[in-house]
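Below: one structure in structure tokens.
The values are calculated or read from the model by the stated rules, or taken from the named source; none is laboratory data. Keep in mind that what you see is a predicted model, and the values were worked out from it rather than measured. Here the Cβ positions follow ideal geometry from the backbone for every residue, glycine too, while neighbour counts run over all protein chains shown. Protein only, heavy atoms only, side chains kept; ligands, DNA and RNA dropped before computing areas. Shrake-Rupley method; radii C 1.70, N 1.55, O 1.52, S 1.80 Å.
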Amino acid sequence: MAVAIVLVLIVVASVLFNFLNPWWFTPLASNWGQMDLTLIITLWISGIVFVAIALFMAYAVFRYRHQKGRRAAYEPENRKLEWWLIGLTSVGIVIMLIPGLYVWAEFVNVPKDALSVEVVGQQWQWSFRFPGKDGVLGRTDARLISAENPFGLHTGNPFGQDDVLVKSGDLHLPLGKPIKVLLRSKDVVHDFYVPHFRVKMDAVPGLVSGLWFTPTKTGTFEIACAEYCGVGHHTMRSRVVVEEEGAFQAWLNEQPTLAQALNEGAAETGDPLVNQGRKLAQDQGCLACHSVDGSPGAGPTWKGLYGKTETLADGSTVVVEEEYLKESIVNPGAAVVKGYDPLMPPYRLSSEELDALIAYTKALSEEG
Ligand code: CUA
């Protein structure tokens, strides 16, 4: 009797939770309303089956409870019942599968006029590349990826010269235009997911995967990594800003093209120690978590860091200078700045390399 009551209570509580809980889909901001419909159909069918089975169990537990003198009848086969169950299960599965096949057929059929955007994942940040004026993304090769060439572009490829590179910061997209996202990963499997757009796809090292959508609302939406990719997985976030065509073009024009980035690299002069530090920061992956332009990351930005007074996790304060920076690189867990997770692994660098990195952070703070 008690078991039957518990089963009924579980059913009632589950149904109430479904209708009363505050966690539901984020507002839709793309053309993929059909994804929601598909999920809701699946939810209704599995919900109805769950309620029916649990209530039947409660009924059977109550109806056939132990009674003196009553014996169970042995009935190993019941052809008629089996056919009914096979038939009903098949109908349920077909109703759940068919909408998914319809949506998938559309999902793999990318509109011809779609704007291509490349999204590259790495531990733990996203970077973006637009094809530029010619509309064609330049060729890449994973073997060419380096500190100076984070996208691994064939720098001599004519289609690549006008490619627009967005190494950190937000991804801007125009409203109402189909967007074809091409995904690459530099290290492990990541997953590009914008909950408001309803589409997600793994970024797998060694291959180019993709998805498409049409943004239908202006606004700023979260890009989340939806595949566990190491200790910094939860910090692998970015933002997509959907705006009117004009505002989007204005933003795009401000981003550096490959040709401009190459010129800048060639024109690089100044203190060799600072240059060594900059290269080291890229090679060691520091910049995945520490920005150099003041934008937020998994760790404090390096812009303006040197000489700043930081509050540590234990509430004490420290002036950021050489000794503190050196300790933070060699033994990062010792004094974590308040508001940040203790994610950073210890780095083994020579004292010359430490000096170079510190010279670089110093330079970033002097630029103003
Ligand atoms: Cu990238 Cu999780």
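Taking all protein chains together and a probe of 1.4 Å, list PHE56, PHE25 from the most accessible to the least accessible.
PHE56, PHE25
May I pose another question? Hey, if we sort THR89, THR257 by accessible area with the 1.4 Å probe, largest down, what's the order?
Values: THR89 80, THR257 30 Å².
Order by accessible area, largest first: THR89, THR257.
Report the semi-axes of the equivalent ellipsoid for segment 1-143 in whole Å, largest first, where each axis is √(5λ) for an eigenvalue λ of the Cα gyration tensor. Show your work: numbers first, answer last.
Numbers: eigenvalues 525, 81, 46 Å².
Each semi-axis is the square root of five times an eigenvalue, giving 51, 20, 15 Å.
So how much accessible area does ASP293 have, in Å² to the nearest 10, using a 1.4 Å probe?
Rounded to the nearest 10, that gives 90 Å².
Once the whole set of protein chains is in place, how much accessible area is left on TRP251, using a 1.4 Å probe, in Å² to the nearest 10?
30 Å²
In Å², what does the accessible area per residue of segment 268-367 work out to with a 1.4 Å probe?
That works out to 54 Å² per residue.
Could I ask something else about it? Send over a whole-number figure in Å² for the accessible area per residue of segment 115-260, probe 1.4 Å.
Working: 6220 Å² over 146 residues.
Accessible area per residue, segment 115-260: 43 Å².
In segment 289-318, whose amide N lies under 11 Å from the spot 7 Å out along Cα-to-Cβ of LYS338? List them in ranges.
Hits in segment 289-318 for LYS338 at 11 Å: 310-318.
Over the chain, with every protein chain in place, what whole percent of the accessible area is carbon and sulfur at 1.4 Å, could you tell me?
Summing carbon and sulfur atoms, their accessible area is 62 percent of the total for the chain.
Would you rank MET96, MET57 by solvent-accessible area, highest first, keeping every protein chain in place and using a 1.4 Å probe? Intermediate results must be reported in sequence, preceding the final value.
Numbers: MET96 60, MET57 90 Å².
The ranking, largest first, comes out as MET57, MET96.
I need the semi-axes of the equivalent ellipsoid of the chain: take the C-alpha gyration tensor, multiply each eigenvalue by 5, square-root it, list largest first in whole angstrom.
52, 29, 18
Using protein chains only and a probe of 1.4 angstrom, how many square angstrom of ARG65 are accessible, to the nearest 10?
100 Å²
Figure the gain on full extension for PHE17 and TRP44 (residue separation times 0.36 nm, minus the Cα-Cα span) and round it to one decimal in nm.
Full extension from PHE17 to TRP44 adds 8.3 nm.
Continuing with this model, one more query. Can you tell me the equivalent ellipsoid semi-axes for segment 115-260? Use √(5λ) from the Cα gyration tensor, largest first, whole Å.
Square roots of five times the eigenvalues give 21, 21, 13 Å.
Give me D for segment 235-368 in µm² s⁻¹, whole number, from Stokes-Einstein with Rh from the Kirkwood sum over alpha-carbon pairs, 20 °C and 1.002 mPa s.
The diffusion coefficient I find is 129 µm²/s.
How far apart, in nanometres, would the label points at ASP293 and ASP113 be if each is projected 7 angstrom from Cα along the Cα-to-Cβ direction?
According to this spin-label approximation, the distance is 3.1 nm.
Over all alpha-carbon pairs in segment 303-352, figure out the percentage whose distance exceeds 16 Å.
Tail fraction, whole percent: 39.
Right, next: Alpha carbon centre of segment 89-126 versus segment 171-239: separation in Å?
So the two Cα centres are separated by 13 Å.
In sequence order, what are the phi-derived ³J(HN,Hα) couplings for segment 233-250 according to the Karplus relation 6.51 cos²θ - 1.76 cosθ + 1.60 with θ = phi - 60°, rounded to whole Hz, with x for glycine and proline?
3, 5, 8, 7, 10, 8, 10, 10, 10, 9, 9, 4, 3, x, 5, 5, 4, 4
At GLN34 and SER90, where each label point lies 7 Å from the Cα along Cα→Cβ, what is the point-to-point distance in nanometres?
That separation, rounded to one decimal, is 2.6 nm.
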